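Everything below concerns the one structure shown next.
The values are calculated or read from the model by the stated rules, or taken from the named source; none is laboratory data. All values derive from a computational prediction rather than experimental measurement. Every residue, glycine among them, receives a Cβ derived from its backbone with ideal geometry; neighbour counts consider all protein chains shown.
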Amino acid sequence: MRLLVVEDDRKVAAFIQDGLEQEGAAVDILHDGREAAAQAAVIDYDAVVLDLMLPGRSGFQVLRDIRLRKPSLPVLMLTARDSVEDRVTGLDAGADDYMIKPFALAELSARLRALLRRGAPRENVLRVADLEVDTVRRTVHRAGRRIDLRPKEYSLLEYLMRNVARPVTRSMIVDHVWDIHFDSVSNVVEVHVNSLRAKVDRGFDTPLIHTVRGVGYMLADQAT
């Protein structure tokens with residue numbers, strides 16, 4: 001899951017980023033409303049967390065710009081302004097949800113997951129051969145055996161599972177699993193793929209994670 005958080009309070013932004021990244025999300029942070037709509041238009045985000053009171057442009061203005069370009073992109077407004085009028089204005093402007101500060105990170109994370117489930121049909125349990133991923137509980141089993149993954153490994157596996165039998169390039173993986181600060185010359189993608197292979201394929205007769213030469217990677221059951 002790749003998220004954009006637009007929040008001018010740097011401590012709050014860092015708190016959100018740290019918490020969501022611990023759950024495996026890739027989180028980009030902006031502090032200025034002038035940049036937010038433009039960045040949301042060119043990067044394939046799964047959802048946006050948008051503060052209302054921003055320098056440059058207000059959250060309402062940013063939201064309207066996002067809706068003109070990406071009508072279906074889930075947007076959660078996060079603000080200290082708790083009047084009914086503000087909530088109604090935000091929802092009427094196109095916000096999918098509206099959360100008041102102070103907030104619990106666990107609730108913010110749960111609301112984002114709910115928005116993603118609401119925004120598009122997404123299976124909660126993904127299966128390929130004897131591999132099973134529960135995207136609600138974030139658990140992974142193969143042939144009934146529990147596999148423990150680090151957050152980024154889990155995000156990578158879920159992305160491959162949602163693109164089963166389709167080759168995905170390194171840049172596609174980066175766009176969906178890492179944030180904007182990713183070092184393009186590093187080998188972190190290859191390291192995570194190898195680590196994931198060691199956990200998902202080692203000890204089983206049928207490998208599921210494949211290298212597609214000249215393209216990238218693919219998760220597929222060779223028997224199909």
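Some notes on this structure:
- Checking Ala220, Ala198 one by one, the residue that is buried (at least 16 other Cβ atoms within 10 Å of the Cβ), over 21 Å from Ala25 (Cα atoms) and modelled with pLDDT of 90 or more is Ala220 and no other.
- Looking only at the stretch 132-181, and only at residues there that are in a loop (DSSP other than H, G, I, E, B) and within 13 Å of the chain's Cα centre (by Cα), the one that is surrounded by the fewest Cβ atoms within 10 Å (Cβ to Cβ): Ile180
- The stretch 131-146, residues that are in contact (Cβ under 8 Å) with a residue 60 or more places away in the chain and farther than 18 Å from Ser195 by Cβ: Ala143
- Checking each residue in the stretch 193-224 for being assigned by TED's automatic domain parsing to the domain that holds Ile147 and among the β-branched types (Val, Ile, Thr) picks out Val193, Val200, Thr206, Ile209, Thr211, Val212, Val215.
- Taken over the stretch 83-102, residues that are closer than 15 Å to Leu63 by Cβ and in contact (Cβ under 8 Å) with a residue 40 or more places away in the chain amount to 1.
- Of all residues in the stretch 66-86, those satisfying the criterion of being buried (at least 17 other Cβ atoms within 10 Å of the Cβ) and part of a helix (DSSP H, G or I) are Ile66, Asp86.
- The condition (being among the aliphatic types (A, V, I, L, M), in contact with a strand residue (DSSP E or B) (Cβ under 7 Å, 6 or more places away or on another chain), touching a residue at least 60 places away in the same chain (Cβ under 8 Å) and under 22 Å from Val177 (Cα atoms)) is satisfied by just one residue among Leu149, Leu115, Leu105, Leu76: Leu115.
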